[in-house]
Structure formats: structure tokens, C-alpha cells
Amino acid sequence: MLQARSQIRPFSSLGKAAGDFIRKLGSMALFFGEGFCKIFRRKQIREIINQVFYIGAKSTNIVMLIGLFTGMVLGLQLYYTLIKFGSEGVLGSVISLSIIRELGPVLTAIMITARAGSAMAAEIGILRISEQIDALYTMRIDPVRYIVSPRIAAAIISFPLLTAFFDLIGIIGGYLTGVLLCGVNEGAYFYRAQSYIDMVDIRGGFLKSLVFAVLVATICCYQGFFTHLRSDSFGAKSVSLSTTSAVVMSCVMILVSDYVVTSFLM
């Protein structure tokens, strides 16, 4: 009997972990549904604008910087790969498709998660442990509508716009290294970039950015909002662990959902 229990124990632990994960996903889905529905309540516009400025406008510089160097690195690496096959003329199309379909949405989402998502989780977590969210309940103010909904709306607005900036700057970065540094024909670069990009590629990139926006905003807000329910810590340490969990989980879900969405779009 004891030997049978020892053999079953690993599967029992795996099943418990899977059940906890599924329950957490369900809780996050309900949390997002409540927050999204309350976006359309009155007196939300000003707070949404403030969050768009914080999540979107303040992330523009870092997103454009990453986009520039991503395009430049792609230009160098792909040039020395394509030249082995005598296909350096398609450099513009390869860089454009790589950035628009994959690298633009994914890297933009990861950078926003690192800059704004972590801040969202920490800010809401501090509001929770300092009992300010409980005070909102006492004053009959819905904290989900007041705190969470504007951030979800701002993420849905900001992610596609920043993805567009990343795509544009990334293609320019590829031009700087591919054309100016490596000597690819300028006309061929832009002609290939234009002729090989279809609207379906652009739509797919923006669809991914919307999916990432929902995931990042939901996970970061959820981790901060329920930081007081963590069993592994309390107080200030729970805020730090919730922030870490929010960033790690958001990055993992970005990559997982990127594969899922890509498989549907192919």
C-alpha cells in the first residue's frame, strides 16, 4: 500500500498543479470579463486617457529604440545568410515580414510588460495591502471599474499603436544596415518590402497585439488586485512576488498565445 501511494504521489501533485492552474485561468477570465464590461460605464474617459498616456505614450521611446536595433540586427544577420544563396535582393521582404508578422507584436508586448505591466501590478498591489481598495468598497465605489477597467481599455488602445511604430522603425533599421552598410539596392529593398506584404500579414500582426494587450493587462491587474491572497508571503514581499509573477506569466503567455494565434492564421 505504501509503495503504491509513493508511486501515485507524483501524478497526484501534477494533477493538483493542473487543477490550480485551470482554476486560476478561469478566475482571470471572469476578472477580465467584469473589467471589460465596466469600460463602457460613464466617467471613464479621463482615466482611460491618463492610462493611455502612461502605458502607451511613455513606452514609445523604448519601443522605437528596440524596434530600430531589432531591424538593424536583422539586416546584418539576414544579409550574410541570404548572400550565401545569392538572394540578398529579397532582404527587404524578409525583414518586413519577420517584423510585421512576429517580432513587432511580440517584442512590443514584452517591452510594455517590462515597463508598464510591472508597474500596474505593483501599484494595484500597494493599493490592496494599504487597504485603499477596501476603502473604495466602503465608499461604494467599484474598484474594478475605477482601477482595472481603464487599464484594460488603455492596453487595447496602446498595444496596436506601439506595434505599428515598432514595425515602421524596424523596417527603417533594416534599411540602415542592409542598404547603407551592406550595399543592397535601395529600390529593390523597398520594392520587395512593399510587394511581398499583404493586408492579411498586417491584420495578423495587429490581431496578435490585441490578444497580447488583453493578456498583459488582465494578468498584471489580477496579480496586483489579489496580492493579499498569496499564501507564500504577505505585506511588501507579497507585492514584489506578485509583480514578478505578473511579468513572468505575461511573457510566457505572450509566447504561448503567439504560437496559438499563428497556428490559426496560417
Under the rule rounded for a/c under 1.5, else prolate if a/b exceeds b/c, else oblate, using alpha carbon gyration tensor axes a ≥ b ≥ c, region 100-203 is classed as prolate
Toy charge model, Lys and Arg Cβ at +1, Asp and Glu Cβ at -1: region 31-131 dipole around Cα centroid in debye, rounded to 20, equals 380
As straight-line cross-link partners of K208, the qualifying lysines (C-alpha separation under 26 Å, not fewer than 8 residues apart within one chain) are K24, K38, K58
Note on the chain: helices (DSSP H) long enough, at least 18 Å by alpha carbon along their axis, and hydrophobic enough, mean Kyte-Doolittle at least 1.0, are 60-82, 149-175, 199-225, 236-265
Sorting S263, Y222, S158 by the position of each Cα along the dipole of the chain (Lys, Arg +1; Asp, Glu -1; all at Cβ), the one nearest the positive end of that ordering is Y222
Zone reached by a paramagnetic label modelled 7 Å from A236 Cα along Cα→Cβ, restricted to region 109-133 with backbone N below 20 Å, covers 118-133
Computed curve, region 44-265, Cα-only Debye sum without solvent term, log₁₀ I(q)/I(0) at 0.10, 0.12, 0.14, 0.17 Å⁻¹, is -0.51, -0.68, -0.84, -1.08
With the 8 Å Cα cutoff and a minimum separation of six or more residues, the chain has a relative contact order in percent of 32
Going fewest to most other Cβ atoms within 10 Å around each Cβ, D232, D198 line up as D232, D198
For region 44-265, the charge dipole (Cβ of Lys, Arg +1; Cβ of Asp, Glu -1; about the Cα centre) points to a positive end, and the Cα of G178, P143, L91 closest to that extreme belongs to P143
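We did not get these values from a lab; they are worked out from the coordinates using the rules stated. These numbers were taken from a predicted model, which means no experiment stands behind them. We place every Cβ from the backbone using ideal geometry, glycine too, and count neighbours over all the protein chains shown.
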